[in-house]
Amino acid sequence: AKIHQRGTAVSFAPEHEERLRDIAMIEQALRRADLAAEFDLHYQPIIDTVDHRIEAYEALARWNSPVIGRVSPAEFILVAEQTGLIRDLTPILFGKALAALRTWPEDVRLSFNLSAQDIASPASVARLAELVVASGLDPGRIVFEVTETGLMRDLVEAHCSLATLKELGIGIALDDFGTGYSSFSYVHRLPLDRLKIDRSFVISLGDDATSLSIIRSIVDMSRNLGLHCVVEGVETFDQMLLLRSAGCRSMQGYLFSKPMPEEAVSGFGLVVPEH
Ligand code: C2E
Ligand code: CA
Ligand code: CA
Ligand code: CA
């Protein structure tokens, strides 16, 4: 984003200008950031709503910049990808997440988000695999979340990366499922273990019966393919009930807990609402 473009014949609407400046600011702060010191992770539980237990925690990156303050991951992850800084950031965050996982009960997994570039680079994948091996933790306790957009860039390379990780025993989840263009055609071609049904389906649950039937067919398909299914963004008790009626069991969302700092995880007491 270059503000000096204003000097050319191109004219921007004020809000567009603001946005460009923001991205430039984020980029500048990110380039100067001490990645290990300024970034950490919050953790949000993934709940088995039948057994009322915590299956996993998803690690979600947080940045508190001493220069520009808190920045949303939706913004800084994008900038980190555009600048290539994600290659340094991902292993730093993953190292922190592994240290957290070490302190959790053995039956709780870690779900960790990877970017397109992490998956596209054999060196990055090797680095992640090394960190897992060096940690001595059971790789079966780790799930990497990847998005379809991330995989689409280079399907052959992505397939190869995922296969490498899966060989180690790491689980692979397809994140934001249903938001891409050809989701169903990917699922059976990639070495996946899990699907995360996107929050957008949950949001439109109240509108009509269509979303519920779509969710039901995704759940059926998952079952047939042997994939574990998680629904994201469950905020209300009614949504939980509807989702349960569609065969969903694993859920994540504000109804159960917002993402919390690492220190709060050990003290977190799960309460699955009953009414
Ligand atoms: P995501 O992986 O789809 O993560 C789910 C997002 O939904 C998180 O936003 C989470 O805080 C939010 N969320 C969870 N439950 C609810 C709910 O019930 N209602 C609503 N409205 N939102 C809910 P967050 O933490 O802002 O992260 C945004 C995105 O940034 C993530 O989306 C992911 O794509 C990316 N991201 C976050 N951390 C990392 C990371 O460490 N690495 C990479 N590559 N991407 C990350
Ligand atoms: Ca995710
Ligand atoms: Ca998601
Ligand atoms: Ca997302």
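The values are calculated or read from the model by the stated rules, or taken from the named source; none is laboratory data. Everything numeric in this text was worked out from a predicted model, so none of it was measured. Note that each Cβ is placed from the backbone with ideal geometry, even for glycine, and that neighbours are counted across all protein chains shown. Ligands, DNA and RNA are excluded from the accessible area calculation, which covers all protein heavy atoms including side chains. Shrake-Rupley method; radii C 1.70, N 1.55, O 1.52, S 1.80 Å.
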Return the whole-Å distance between the Cα centroid of the range 230-275 and the Cα centroid of the range 156-212.
19 Å
Cross-link reach list, aspartates and glutamates versus Lys196, counting only Cα pairs under 16 Å and skipping chain neighbours closer than eight places:
Asp48, Glu55, Glu58, Glu145, Glu148, Asp175, Asp176, Asp220, Glu232, Glu235
Residue-level accessible surface for His52, protein heavy atoms, 1.4 Å, Å²:
80 Å²
Along the charge dipole of the chain, pointing to its positive end and built from +1/-1 on Cβ of Lys, Arg, Asp and Glu, which listed residue (Ile197, Val71, Val265) has its Cα farthest out?
Val71
Pairwise over distinct Cα atoms, reciprocal of the mean inverse distance: report the Kirkwood radius of the chain in Å, one decimal place.
19.9 Å
Is the C-alpha gyration tensor of the range 221-275 telling us rounded, prolate or oblate? Criteria: a/c under 1.5 is rounded; beyond that, a/b larger than b/c is prolate, otherwise oblate.
oblate
Does the range 57-168 come out rounded, prolate or oblate, given a ≥ b ≥ c as the square roots of the eigenvalues of its C-alpha gyration tensor, rounded meaning a/c under 1.5 and, failing that, prolate meaning a/b above b/c?
oblate
Rounded to 5, percent antiparallel among DSSP beta bridges of the chain:
45 percent
Residues whose built amide H sits under 5 Å from the amide H of Gly253, excluding neighbours closer than 5 in sequence, are Gly233, Val234
Summing +1 for each Lys or Arg and -1 for each Asp or Glu, what net charge is found among the other residues whose Cβ lies under 11 Å from the Cβ of Ile203?
-3
Would you kindly state how much longer the chain becomes between Ile214 and Arg70 on full extension, computed as 0.36 nm times their sequence separation minus their alpha carbon distance, in nm to one decimal?
48.2 nm
Quick check: the angle from helix 122-135's long axis to the longest principal axis of the chain, C-alpha only, nearest 10 degrees?
60 degrees
Between 0 and 90°, nearest 10: helix 73-83 axis offset from the chain longest Cα axis
50 degrees
Report, to the nearest 10°, how far helix 155-168 tilts away from the longest principal axis of the Cα atoms in the chain, using its own Cα long axis and a range of 0 to 90°.
60 degrees
For the range 93-104, Karplus couplings with θ = phi - 60° (6.51, -1.76, 1.60), whole Hz, Gly/Pro x
5, 5, x, 5, 5, 5, 5, 5, 4, 4, 8, 8
What the Cα atoms of the range 137-275 span along the principal axes, largest first and in whole Å, is 46, 40, 24
Using a Förster radius of 35 Å, what is the FRET efficiency between Asp193 and Arg153 based on their Cβ-Cβ separation? Nearest 0.05, please.
0.95
Relative contact order for the chain: what is it in percent, counting Cα pairs under 8 Å that are at least 6 residues apart?
17 percent
Computed accessible area, Tyr254, all protein chains, 1.4 angstrom probe, square angstrom
120 Å²
Env charge @ Ser222, Cβ radius under 12 Å, K,R +1 / D,E -1, value +3
Could you check the simple spin-label distance between Asp48 and Lys258, using points 7 Å along Cα→Cβ, in nm with one decimal?
2.9 nm
